[in-house]
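The values are calculated or read from the model by the stated rules, or taken from the named source; none is laboratory data. If you're wondering where the values come from, they're calculated on a predicted model, not measured in any experiment. Neighbour counts are summed over all protein chains in view; Cβ atoms, including those assigned to glycine, are modelled from backbone coordinates with ideal geometry. Heavy atoms of the whole protein, side chains included, go into the accessibility calculation; ligands, DNA and RNA do not. Shrake-Rupley method; radii C 1.70, N 1.55, O 1.52, S 1.80 Å.
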Amino acid sequence: QVQLVESGGGLVQPGGSLRLSCAASGGIFSIYSMGWYRQAPGKQRELVATITGDGSTNYADFVKGRFTISRDNAKNTVYLQMNTLKPEDTAVYYCNADGINYATARQFDSWGQGTQVTVSS
């Protein structure tokens with residue numbers, strides 16, 4: 001079972017920055033794509049950004065120019081640098097990864113437990 005552990009959430013003032021990290025572990029595996037999603041109270045989970053193994057990125061329009069996703073393949077870790085944060089960015093941020101688990105010879109699609117980001121003065 002490939003597990004994802006997020007870190008880096010917290011409380012920040014509007015205009016501030018945070019960096020989220022998500023590390024994958026749990027056996028021998030290869031990750032195709034990693035990404036960040038978020039869910040605000042009363043709303044559906046939505047895509048924030050994704051990154052493939054070769055570094056191709058995709059961003060939601062509402063974070064373009066403010067957030068940057070990056071990935072360290074050697075560490076099986078994905079990052080989300082969030083700048084110029086707004087109150088509407090407040091949400092639980094979830095990490096996602098999909099790939100193949102060589103131990104089970106099966107594809108996986110795993111989610112982290114989520115990390116709270118609160119933007120408030």
Could you say whether any residue in the range 13-32 is more than 28 Å from residue 107 (Cβ to Cβ), open to solvent by less than 40 Å² (accessible area, probe 1.4 Å) and free of Cβ contacts under 8 Å to residues at least 40 places away in the same chain?
no
Among 93, 59, which is the only one that is of a type outside the set (S, T, N, Q), in contact (Cβ under 8 Å) with a residue 24 or more places away in the chain and on the phi < 0 side of the Ramachandran plot?
93
Of all residues making up the range 101-110, the number that are part of a strand (DSSP E or B) and surrounded by fewer than 16 Cβ atoms within 10 Å (Cβ to Cβ)
3
Please count how many residues of the range 50-68 are part of a strand (DSSP E or B) and loosely packed, with under 15 Cβ neighbours inside 10 Å.
3
Which of the residues spanning the range 69-85 are in contact with a strand residue (DSSP E or B) (Cβ under 6 Å, 6 or more places away or on another chain) and either closer than 16 Å to residue 54 by Cβ or outside any strand (DSSP E or B) (or both)?
69, 70, 71, 76, 78, 85
Condition check: at positive phi and either touching a residue at least 60 places away in the same chain (Cβ under 8 Å) or touching a helix residue (DSSP H, G or I) at 6+ places or on another chain (Cβ under 6 Å) (or both). Does residue 35 satisfy that?
no
One residue is enough: does the range 77-100 have a residue meeting the conditions more than 13 Å from the chain's Cα centre (by Cα), acidic (Asp, Glu) and either open to solvent by less than 40 Å² (accessible area, probe 1.4 Å) or under 20 Å from residue 114 (Cα atoms) (or both)?
yes
